[in-house]
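The values are calculated or read from the model by the stated rules, or taken from the named source; none is laboratory data. This structure is a prediction, so every number in the text was calculated from the model and none was measured. Cβ placement follows ideal geometry from the backbone for every residue including glycine, while neighbour counts extend to all protein chains displayed. Side chains are part of the model used for accessible areas, which takes the heavy atoms of the whole protein and leaves out ligands, DNA and RNA. Shrake-Rupley method; radii C 1.70, N 1.55, O 1.52, S 1.80 Å.
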Amino acid sequence: MTNYVASDKKIFTQDVQAYAFLMQEGDDLCALYPQIEKDFFPHFNKLLKEKKFTGAKGQTLVIPCSVKNSIAYLICVGIGKTADKNGLEIFRNACATVIRTCQAQKIASVACAMPAFTAYPVSVEKMGEIFSSVCEMAHYKFDLFITKEEDKTFYLSTVLAIVDKKNLKKFEEGIEQGIIVSQAVNRARVWIDLPANKMTPPEFAKRTLALGKEYGLPVTVFEEKEIEKMGMGGLKAVGMGSQHDSHLVIMRYNCKKKNAPTIALVGKGITFDSGGLNIKPTGFMETMKEDMSGAAAVMNALTVIAQLKPDVNVVAVAALAENMVSGSANHPGDIITFYNGKTAVVGNTDAEGRLVLADALAYADKEFKPAVIIDVATLTGACSHAIGPFFTGLLTQDDNLSEKIQAAAITSGDAVWRLPLIDEYKVMVKSDLADLCNDGKTKYYAGATNGACFLSNFVGDTSWAHLDIAPSAFDVPDKLYYRPNSATGVGIRLLIDFVMAFKA
Ligand code: BES
Ligand code: ZN
Ligand code: ZN
């Protein structure tokens, strides 16, 4: 494990292998740190000019130096102008660049000079949280099945932030919080990156039970027989073609305050989505182990929330099934009945997420009478086509809830983009044969909205938002604290910030 610390001592008094500078456009590093040219690199300013390094966002310069019989590295990362609207995200990526650079060079310790915090729209504590969480997320690589030691992930031993004396205590508190957050994010990423032969619905349940034990949180697991008995026809139908039973897993955090409201977090947990009999073609199925990203997000977010102890009850519900092809798989055209008594035609077995979520949402709403429900789901490819990989689709009819989620998106770094959800669209999930159909009427296009319309039938009048993380859950390019071809853990930081800012 990497040790994250902060210090108010001068950067070059630190005993580390590398010195990193998050440099604003126009900063004069040599004036700020005369020791650079004196002890490290005599023509540093000239070098910056020659390399056209101005501190513009995204610029990186790594300079090996010979200092007193040993090698030290200077790492300069441009952060542009901190007042940039996107400043926080640039800061996150710059921190990640420092970590990735050190990993690539096998540099085990780094001291990193922080920019002035005043330009950022969050507290010093939050900056500390962002720093340690992003650095830890940047380390992540799924390496459980790499057997050669030298090919495994390189973890730095020490990452040290240099901050002003007046900010030190708050920043250190933030660092502690960031460690908790990123451990949950990276744990979720492992769950998601585990392939479908390793991560099955029972395995997910087992791991949630272990988390419950670790954090002292009650966990309930409903297995297939109970799911059937409770009338959860969606969850049952989707898992019918699989050798693994479907599960509904619930973990709870109960706060100390009497009569506190409850927030329900519901996650889609398809451990593999082959499409079912409406099978996915080559190129669309390979990464479908990611289809339980929502379930992994809600459970792992809850472990952090439980440690931060807000005055609100939170329940996380995961709807787990494997969507497979076999003689016992559900057929296109089947009609099923859900937990709340509504019925639907399975027009397309590949629109399975909304079938399992329907039961989980209806259950969460009835059982916990929450003030707010948020579901997190890799629900539609259409959402990715609409907004690309850097956002999660946000669909809700509650403007107030939308504002709160958008505020949490800015502080957390899990960006959202609101997509339309109005009553006029809801006719697209109506059917002549049952109450609903799961594939919608194609002439309306708007596939992400279509999915949300279906789900809206299972939340009653409760304030509800749907987060479509199909774009952002896996293989997001160019975000340096994520990793391409891998799980991002998106949604966890968002849910934590939303819950911690929640006021009934
Ligand atoms: N799991 C997929 C959606 C998805 C696609 C997630 C790409 C992540 C990346 C979902 O179950 C699905 O297949 N949705 C269909 C719905 C359609 C059949 C109505 C889709 O998006 O095509
Ligand atoms: Zn599907
Ligand atoms: Zn799916």
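Would you kindly derive the ³J(HN,Hα) couplings of segment 126-136 from the backbone phi angles with the Karplus curve 6.51 cos²θ - 1.76 cosθ + 1.60 (θ = phi - 60°), listing them in order in whole Hz, with x for Gly and Pro?
For segment 126-136, the Karplus curve yields 5, 4, x, 5, 4, 4, 5, 5, 5, 4, 5 Hz.
Relative contact order for the chain: what percent, with Cα pairs under 8 Å and sequence separation of 6 or more?
This gives 14 percent for the chain.
Based on DSSP H runs of at least 4 residues, each adding -39500 (n - 2.57), what is the mean residue ellipticity at 222 nm of the chain after dividing by all its residues, to the nearest 500 deg cm²/dmol?
That comes out to -10500 deg cm²/dmol.
What is the distance in Å between the Cα centres of segment 431-504 and segment 257-328?
11 Å
Using amide H atoms built in the peptide plane, which far-off residues or other-chain residues are under 5 Å from residue 347 H to H?
Under 5 Å from the amide H of residue 347 lie the amide H atoms of 333, 438, 439, each far enough along the sequence or on another chain.
Would you pull out the residues with amide H under 5 Å of residue 267's amide H, same chain only if 5 or more places away, H placed 1.01 Å from N?
317, 318, 319, 376
Would you mind estimating how fast segment 20-178 diffuses translationally, via Stokes-Einstein at 37 °C and 0.692 mPa s with the Kirkwood radius over Cα pairs, in µm²/s? Let's see the in-between values first.
Working: Rh = 16.5 Å.
Approximately 199 µm²/s, per Stokes-Einstein.
Compute the projected area of the convex hull of the Cα atoms of segment 237-359, averaged over all viewing directions, and report it in nm² to one decimal place.
Across all orientations, segment 237-359 yields a mean hull projection of 8.5 nm².
So how far apart, in nm, are the two label points at residue 223 and residue 197 if each is 7 Å from Cα heading toward Cβ?
2.5 nm
If N is the number of residues in segment 444-504, what value comes out of its Cα radius of gyration divided by 2.2 N^0.38 Å? Each step should come with its number before you reach the end.
On the way: Rg = 14.9 Å, N = 61, 2.2 N^0.38 = 10.5 Å.
It is 1.42.
Among the aspartates and glutamates, which fall within straight-line cross-link reach of residue 10, defined as a Cα-Cα distance under 12 Å, with same-chain neighbours fewer than 8 residues apart omitted?
Within the straight-line cut-off, residue 10 pairs with 164.
Which one of 162, 457, 492 is farthest out on the positive end of the charge dipole of the chain, using unit charges on Cβ (Lys, Arg +1; Asp, Glu -1) and the Cα centre as origin?
About the Cα centre, the residue reaching furthest to the positive side is 162.
Karplus couplings for segment 339-352 from phi (6.51 cos²θ - 1.76 cosθ + 1.60, θ = phi - 60°), rounded to Hz, Gly and Pro as x?
With the stated coefficients, segment 339-352 comes to 3, 8, x, 6, 10, 8, 7, 7, x, 8, 5, 7, 8, 7 Hz.
Under 13 Å from a point placed 7 Å out from the Cα of residue 43 along the Cα-to-Cβ direction: which residues of segment 54-98 have their backbone N that close?
Output list for this probe position: empty.
On the protein heavy atoms, probe 1.4 angstrom, tell me the percent of accessible surface of segment 26-68 carried by carbon and sulfur.
Answer for segment 26-68: carbon and sulfur cover 55 percent of the accessible area.
Please work out the FRET efficiency for the pair residue 423 and residue 15, using the Cβ-Cβ distance as r and a Förster radius of 60 Å; give the result to the nearest 0.05.
For residue 423 and residue 15, the calculated efficiency is 0.40.
Residue farthest toward the positive end of the dipole of the chain, with Cβ of Lys/Arg at +1 and Asp/Glu at -1: which of 231, 253, 122?
122
Under 19 Å from a label point 7 Å along Cα→Cβ of residue 399: give me every residue in segment 415-441 with its amide N that close.
417-425
Express the accessible area of segment 426-469 per residue in Å², computed with a 1.4 Å probe while the remaining protein chains stay in the model.
41 Å²
Considering only Cα-Cα distances, which of the following residue pairs are longer than 18 Å: 342/426; 9/165; 141/280; 206/369; 268/430; 106/148?
Too far apart for the 18 Å limit: 141/280; 206/369; 268/430.
By how many nm would the segment from residue 430 to residue 35 lengthen if fully extended, with 0.36 nm per residue of separation less the alpha-carbon distance? All intermediate terms of the calculation are to be shown ahead of the outcome.
On the way: separation 395, 0.36 × 395 = 142.20 nm, distance 7.09 nm.
Here the answer is 135.1 nm.
Amide H to amide H under 5 Å from residue 20: which residues, 5+ apart in sequence or cross-chain, H placed 1.01 Å off N in plane?
Residues meeting the amide H criterion: 75, 111, 112, 113.
Compute the length gained on full extension between residue 485 and residue 444: take 0.36 nm times their separation in residues and subtract their Cα-Cα distance, giving the result in nm to one decimal.
Separation in residues times 0.36 nm, less the Cα-Cα distance, equals 11.6 nm.
When the accessible area of segment 389-504 is split by element with a 1.4 Å probe, what percent falls to carbon and sulfur?
54 percent
For segment 102-118, what does the Karplus curve 6.51 cos²θ - 1.76 cosθ + 1.60, with θ = phi - 60°, yield as ³J(HN,Hα) per residue in whole Hz, taken in order and with x for Gly and Pro?
Couplings: 5, 4, 5, 9, 6, 8, 8, 9, 9, 10, 10, 6, 7, x, 4, 7, 4 Hz.
Taking the inverse of the average 1/r across all pairs of different Cα atoms in segment 375-477, what Kirkwood radius in Å do you get?
It works out to 14.0 Å.
Heavy-atom accessible area per residue, segment 102-196, 1.4 Å probe: how many Å²?
Normalised by residue count, the accessible surface of segment 102-196 is 40 Å².
Taking the alpha-carbon set of the chain, what are its Rg and Dmax in Å?
Rg and Dmax of the chain, Cα atoms, are 24.1, 81 Å.
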